[in-house]
Amino acid sequence: MIELRVAGLDHPDAVALNEQVQSYYRQIYGDGDLTSLHSEQFAAPRGLYLLGYDGERPVASGAWRALEPGAGDDVVRDGDAEIKRMYVVPDVRGKGHARAVLAELERAALAAGRRRMVLETGTEQPDAVALYVSSGYAPIGTFGTHRDDPRSRCFAKPLG
């Protein structure tokens, strides 16, 4: 069973898991996620950062932040929440931890008044794509930092 705790992007366990996910991205894509993230983006009521623990060991992370449409962006809508930093350490994958984190992120975003969850992942992460599709996410146009990368895949799910 995973215990979910609210934390900040700068929490030491969040920093350690973020370093692991960035290392993973460099391994499969050749570089890390270049998206600029700031702690205040994940503060209530416009965001949430979760850490998942197995006992006292941090084994999972996930976050959402409010996302507003920008000039020339026809993908992002008013009321969107963007998933960031979904990660489960390799030796505990397949135990439902990612689904637990995802479900809580969706619940919290809806409670904060968000209407749709959006995310960006990539072609080299088939397990992530499978998780999102099996959780009701559908493909949308690309957005964000990696919108022009042919490996980018974006998804959305209405909340509520």
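The values are calculated or read from the model by the stated rules, or taken from the named source; none is laboratory data. Keep in mind the model is a prediction, meaning the values are calculated, not measured. Glycine also receives a Cβ, built like all others from the backbone with ideal geometry; neighbour counts cover every protein chain displayed.
For beta carbons closer than 6 Å, sequence separation of 6+ or different chains, a first residue in segment 132-148 that is farther than 17 Å from L105 by Cβ and a second that is part of a loop (DSSP other than H, G, I, E, B) and among the β-branched types (V, I, T), the qualifying pairs are I140/V75; G141/V75; F143/V75; F143/V76; T145/T35. The condition (being surrounded by fewer than 16 Cβ atoms within 10 Å (Cβ to Cβ), among the basic types (K, R) and modelled with pLDDT under 95) is satisfied by just one residue among R107, R151, R99, R115: R151. Can you find, within segment 11-34, the residue that is nearest to V92 (Cα to Cα) among those that are among the aromatic types (F, W, Y) and in contact with a strand residue (DSSP E or B) (Cβ under 8 Å, 6 or more places away or on another chain)? Applying the filter and picking the extreme gives Y24. The residue list D127, D74 contains one member that is under 21 Å from Y29 (Cα atoms), out of contact with any Asp or Glu (no Cβ under 8 Å at 6 or more places or on another chain) and surrounded by fewer than 14 Cβ atoms within 10 Å (Cβ to Cβ), which is D127. Of the residues A44, A66, A81, A16, the single one that is small (G, A, S), touching a residue at least 12 places away in the same chain (Cβ under 8 Å), within 17 Å of R114 (Cα to Cα) and surrounded by fewer than 16 Cβ atoms within 10 Å (Cβ to Cβ) is A44. Applying the selection to segment 1-59, what residues are touching a Lys or Arg at 6+ places or on another chain (Cβ under 8 Å), of a type in the set (F, W, Y) and at pLDDT below 95? Matches in segment 1-59: Y29 only. Filtered by the rule that a residue be more than 11 Å from the chain's Cα centre (by Cα) and either at pLDDT below 95 or closer than 22 Å to D148 by Cβ (or both), segment 70-93 gives G70, A71, G72, D73, D74, V75, V76, R77, D78, D80. Please go through (1) more than 21 Å from L17 (Cα to Cα); (2) in contact with a strand residue (DSSP E or B) (Cβ under 6 Å, 6 or more places away or on another chain); (3) of a type in the set (G, A, S) for S135 and return the number of the only condition it doesn't satisfy. Single failed check for S135: (2).
Screening the candidates G30, G122 for the property of being more than 16 Å from the chain's Cα centre (by Cα), within 24 Å of D149 (Cα to Cα) and surrounded by fewer than 20 Cβ atoms within 10 Å (Cβ to Cβ) yields one hit, G30. Candidates A7, A63: the one that is within 12 Å of the chain's Cα centre (by Cα) and among the aliphatic types (A, V, I, L, M) is A63.
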